[in-house]
Amino acid sequence: MLILILYFIAINFIACLAMFIDKQKAKHNKWRISEANLLTLSILGGSIGMLLGMSFFRHKTKHKKFTIGVPLILITEILIALYLMEKCSY
């Protein structure tokens with residue numbers, strides 16, 4: 001269980017950091033982190049970090065795949081976690 005908690009802390013930190021790095025690169029017209037990679041971080045459990053990064057750095061806030069997609073990914077992950085917790089409690 002501790003490993004799972006540490007994983008989620010790490011992946012959310014990485015997701016938020018990726019949003020910061022991508023925002024900085026966008027400001028300086030440099031190579032960017034692909035949207036697919038950013039969304040993959042969200043799918044891997046970094047949705048909260050991604051949402052925090054979007055909010056703090058005002059990044060990707062006009063892209064529907066982020067403003068709708070990331071919250072949907074988070075909701076889906078929460079529902080899966082609740083289902084698994086319910087299933088494992090029997």
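The numbers here are math on the coordinates, done by the rules we state, and not lab data. All values derive from a computational prediction rather than experimental measurement. As a convention, Cβ positions derive from the backbone with ideal geometry for all residues, glycine included, and neighbour counts pool all protein chains shown.
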Query - Hits in the range 53-90 (condition: crowded, with 17+ Cβ neighbours inside 10 Å and in a helix (DSSP H, G or I)) - result: GLY53, MET54, PHE57, PHE66, GLY69, VAL70, ILE73, LEU74, GLU77
**Report entry** Some residue of the range 8-18 being small (Gly, Ala, Ser) and either touching a helix residue (DSSP H, G or I) at 6+ places or on another chain (Cβ under 6 Å) or surrounded by 19 or more Cβ atoms within 10 Å (Cβ to Cβ) (or both)
**Finding:** yes
Report summary line: (1) loosely packed, with under 13 Cβ neighbours inside 10 Å; (2) farther than 18 Å from GLU77 by Cβ; (3) not polar (S, T, N, Q) all hold for ILE33 apart from (1)
Query raised in the report: What tally of residues in the range 19-30 results from selecting those that are loosely packed, with under 10 Cβ neighbours inside 10 Å, part of a helix (DSSP H, G or I) and of a type outside the set (Lys, Arg)?
Result: 0
Report summary line: So, first residue closer than 18 Å to GLN24 by Cβ in the range 50-75, second residue among the aromatic types (Phe, Trp, Tyr), Cβ within less than 9 Å, six or more apart or across chains; the pairs are MET50/PHE66; GLY53/PHE20; MET54/PHE66; PHE56/PHE20; PHE57/PHE20; HIS59/PHE20; HIS59/PHE66; LYS60/PHE66
